[in-house]
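The next block holds one structure in the form of structure tokens; read it before the comments.
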Amino acid sequence: MITLSDCSCWFKDKKKVVKAMKHMTFSVKEGEVVGILGENGAGKTTLLRAVATLLEPTHGTVTVAGFDTVKEATEVKKRIGVLFGGETGLYDRLTARENLEYFGKLYGLDQHEIKARIEDLAKRFGMRQYMDRKVKGFSRGMKQKVAIARTLIHDPDIILFDEPTTGLDITSSNIFRDFIHQLKQQNKTILFSSHIMEEVSQLCDSVMMIHQGELVYKGTLPELYAQEQSEDLNYIFMSKLARGIS
């Protein structure tokens with residue numbers, strides 16, 4: 001469903017070349033939920049942006065559902081939903097409902113489909129009471145819930161989340177996690193980064209660990225637990241950092 005082949009992303013920062021992603025090769029199967037772990041600046045967001053067609057690889061290729069993210073970006077965009085931490089992608093001058101209607105139309109949904117999807121998502125995330133208020137006055141958590149709904153408005157088969165529970169309270173975070181379980185049952189493919197180890201251990205089939213732009217581990221959680229002789233994901237991650245991610 002998602003395949004990276006010897007993929008690198010490099011940037012020029014003044015006179016220095018920053019190698020944000022170095023020769024990554026991996027695949028994510030249809031219906032797999034994969035958590036991305038790494039310190040700030042490790043390359044997690046760069047990876048997600050490359051998969052989302054927002055960054056063109058310096059070297060190598062990325063394919064999503066069989067489509068090349070550079071040569072066939074339009075086809076990729078039809079099949080993915082994307083949410084990046086700190087970027088809600090919402091229009092402050094519009095209401096929550098108007099935002100979702102706008103993005104639904106962008107994805108080619110008809111009015112009946114848009115109305116049904118908005119009603120379902122508003123109910124799931126407890127947004128009914130403020131759907132007709134302008135986003136400008138929303139709290140961070142309220143905006144994040146509308147942004148998650150925006151990501152899912154067209155019912156994509158592949159979903160990319162970067163720190164999805166940022167700004168959510170405990171109740172909303174739990175609602176989101178329950179919804180991820182439902183998406184998993186629908187065979188959706190989900191790739192997301194998180195600093196919340198409990199979230200990753202509860203939701204994911206597999207994990208990827210990125211360190212200084214390099215993919216240093218990808219495997220199932222049971223495989224990782226057996227390898228490290230522990231089921232404490234936070235302990236495992238910190239231990240790997242301490243010994244240089246070996």
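Things worth noting here:
- Residue within the stretch 86-98 that is of a type in the set (K, R) and modelled with pLDDT under 95 present: no
- Residues in the stretch 206-246 that are within 19 Å of A20 (Cβ to Cβ) and touching a Phe, Trp or Tyr at 6+ places or on another chain (Cβ under 8 Å): M208, M209, L215, K218, I245.
- Residues of the stretch 188-207 satisfying the condition of being part of a strand (DSSP E or B) and touching a Gly at 6+ places or on another chain (Cβ under 7 Å): T189, F192, S206, V207
- Cβ separations smaller than 6 Å between residues 6+ apart or across chains give the following pairs from the stretch 42-67 residues that are more than 24 Å from P164 (Cα to Cα) to residues that are surrounded by fewer than 17 Cβ atoms within 10 Å (Cβ to Cβ): T58/W10; G60/S5; G60/D6; T61/S5; F67/E75.
- Options S194, S172, S206, S201; residue that is over 19 Å from N234 (Cα atoms), of a type outside the set (D, E) and either crowded, with 21+ Cβ neighbours inside 10 Å or in contact (Cβ under 8 Å) with a residue 24 or more places away in the chain (or both): S172
- For the stretch 25-44, the count of residues that are in a helix (DSSP H, G or I), closer than 24 Å to M197 by Cβ, within 16 Å of the chain's Cα centre (by Cα) and not small (G, A, S) is at least one.
- Residue within the stretch 155-165 that is surrounded by fewer than 20 Cβ atoms within 10 Å (Cβ to Cβ), touching a His at 6+ places or on another chain (Cβ under 9 Å), under 27 Å from Y102 (Cα atoms) and of a type outside the set (G, A, S) present: yes
- Taken over the stretch 79-100, the residue count meeting the criterion of being touching a strand residue (DSSP E or B) at 6+ places or on another chain (Cβ under 9 Å) and either surrounded by 16 or more Cβ atoms within 10 Å (Cβ to Cβ) or assigned to a helix (DSSP H, G or I) (or both) is 10.
- The stretch 120-142: number of residues that are assigned to a helix (DSSP H, G or I) and surrounded by fewer than 19 Cβ atoms within 10 Å (Cβ to Cβ): 9
- Test: residue in the stretch 102-110 that is surrounded by 13 or more Cβ atoms within 10 Å (Cβ to Cβ), of a type in the set (K, R) and closer than 18 Å to P164 by Cα: no
- Test: residue in the stretch 160-167 that is of a type in the set (V, I, T) and outside any loop (DSSP other than H, G, I, E, B): no
- Subset of the stretch 43-71 [among the hydrophobic types (A, V, I, L, M, F, W, C) and surrounded by 22 or more Cβ atoms within 10 Å (Cβ to Cβ)]: L47, L48, A50, V51, A52, V62, V64
- Residue in the stretch 67-77 that is in contact with a strand residue (DSSP E or B) (Cβ under 8 Å, 6 or more places away or on another chain), assigned to a loop (DSSP other than H, G, I, E, B) and at pLDDT 95 or above present: yes
- Once the stretch 209-226 is narrowed to residues that are part of a strand (DSSP E or B) and in contact (Cβ under 8 Å) with a residue 60 or more places away in the chain, the residue that is surrounded by the most Cβ atoms within 10 Å (Cβ to Cβ) is I210.
- A single entry from R150, R117 fulfils the requirement of being in a helix (DSSP H, G or I), in contact with a helix residue (DSSP H, G or I) (Cβ under 6 Å, 6 or more places away or on another chain) and charged (D, E, K, R): R150.
- Test: residue in the stretch 105-114 that is over 19 Å from D157 (Cα atoms), outside any loop (DSSP other than H, G, I, E, B) and either at pLDDT below 95 or of a type in the set (S, T, Y) (or both): no
The values are calculated or read from the model by the stated rules, or taken from the named source; none is laboratory data. The structure presented is a predicted model; accordingly, all values stated were derived computationally and were not measured. We place every Cβ from the backbone using ideal geometry, glycine too, and count neighbours over all the protein chains shown.
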